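This report refers to the structure that appears directly beneath it.
The values are calculated or read from the model by the stated rules, or taken from the named source; none is laboratory data. Only a predicted model underlies this, so the values are computations on that prediction, with no experimental measurement involved. Cβ placement follows ideal geometry from the backbone for every residue including glycine, while neighbour counts extend to all protein chains displayed. Note: areas computed on protein heavy atoms with side chains; ligands, DNA, RNA excluded. Shrake-Rupley method; radii C 1.70, N 1.55, O 1.52, S 1.80 Å.
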Amino acid sequence: MKILVINGPNLNMLGTREPDKYGTKTLKDIEEFILQEAKKLNVEIGFYQSNIEGEIVSKIQEAKGNFDGIVINPAAYTHTSVAIRDALLAAALPAVEIHLSNIHTREDFRKISLTAPACLGQITGFGANSYKLGLIAIVDYLKSL
Ligand code: CA2
């Protein structure tokens, strides 16, 4: 089983600023943390991060046939991107949306996710553990098919 983990804009800056909101781990730290869980679950992981909406759309399109599922933190595009939502729907791959912070306790504009309706569900507010929980959720779902 192969899972693609996608991270959106500015998440390459993790660990450098706003630790109160997003924690002190870098993206590399989080990727290592995900790999530890992937090993336990016996699944392969592909990682992708981009600050560019169209690149994320292309990666989701390419994922069809190459991956079994997607764990995605669309970051700020969560709240704006019809293009990423459409790509997730078109790929028709099971996906779980995750967030480090709890988007429902923040500014009103963050409470709306355009991308979550294209996913099986959303995990939000557990810091780096959101990625681990997202991975467990997608693997559990795929094993149930
Ligand atoms: O909580 C999350 O995971 C978010 O997806 C993070 C996004 C934010 O726009 C979403 O509303 C919620 C922001 C990621 C920015 O990450 C930074 C990390 C370090 C320094 C600056 C930004």
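Note on the stretch 33-83 and the stretch 127-141: Cα centroid distance 13 Å, given to the nearest whole angstrom. Evaluate E = 1/(1 + (r/R0)^6) for Thr80 and Thr26, where r is the Cβ-Cβ distance and R0 equals 35 Å; express this FRET efficiency to the nearest 0.05. After rounding, the FRET efficiency stands at 0.90. Placing dummy labels 7 Å off each Cα toward the beta-carbon, the span from Leu35 to Glu107 is 3.5 nm.
Structure remark: mean-square fluctuation, Gaussian network model of the chain, C-alpha springs under 10 Å; the largest value among Ser50, Ser130, Ser58 belongs to Ser58. Within the stretch 50-132, the trypsin sites (Lys or Arg not before Pro) that combine a DSSP coil assignment with at most 12 other C-beta atoms in a 10 angstrom radius are Lys111. Mean sequence separation of contacting Cα pairs (under 8 Å, at least six apart), scaled by the length of the chain, corresponds to a relative contact order of 27 percent.
Given a 1.4 Å probe and every protein chain left where it sits, what share in percent of the accessible area of the chain is carbon and sulfur? List each step's numbers first, then the result.
Numbers: 3780 of 7280 Å².
That fraction is 52 percent.
For the chain, the membrane-span-like helix rule (DSSP H, alpha carbon extent of at least 20 Å along the helix axis, mean Kyte-Doolittle at least -1.0) picks out 27-41, 129-143; this says nothing about an actual membrane.
Anything over 25 Å Cα to Cα? Flag those among Lys28/Lys143; Lys39/Lys143; Lys2/Lys28; Lys28/Lys111, in the order listed. Display every interim value, and only then the final one.
Details: Lys28/Lys143 28 Å; Lys39/Lys143 16 Å; Lys2/Lys28 19 Å; Lys28/Lys111 27 Å.
As for pairs spanning more than 25 Å Cα to Cα, those are Lys28/Lys143; Lys28/Lys111.
As a calculated quantity, the FRET efficiency between Phe47 and Glu18 at R0 = 25 Å, using C-beta atoms, amounts to about 0.70.
Per Stokes-Einstein, at 20 °C and 1.002 mPa s, what whole-number D in µm² s⁻¹ belongs to the chain, with the Kirkwood radius over Cα pairs as the hydrodynamic radius? Could you put the intermediate results ahead of the total?
Working: Rh = 14.9 Å.
For the chosen part, D equals 143 µm²/s.
Can you give the direction-averaged projected area of the convex hull of the alpha-carbon atoms in the stretch 1-61, in nm²? Please list the in-between numbers first.
Numbers: hull surface 18.2 nm².
Mean orientational projected area (the stretch 1-61, Cα hull): 4.6 nm².
Only Cα sites of the stretch 102-145 enter the Debye sum here, all with the same form factor; the resulting log10 I(q)/I(0) across q = 0.19, 0.20, 0.27 1/Å is -0.67, -0.72, -1.03, listed in q order.
Leaving out ligands and nucleic acids, note down the accessible area per residue over the stretch 2-144 with a 1.4 angstrom probe, in whole Å².
Accessible surface, normalised per residue, equals 49 Å².
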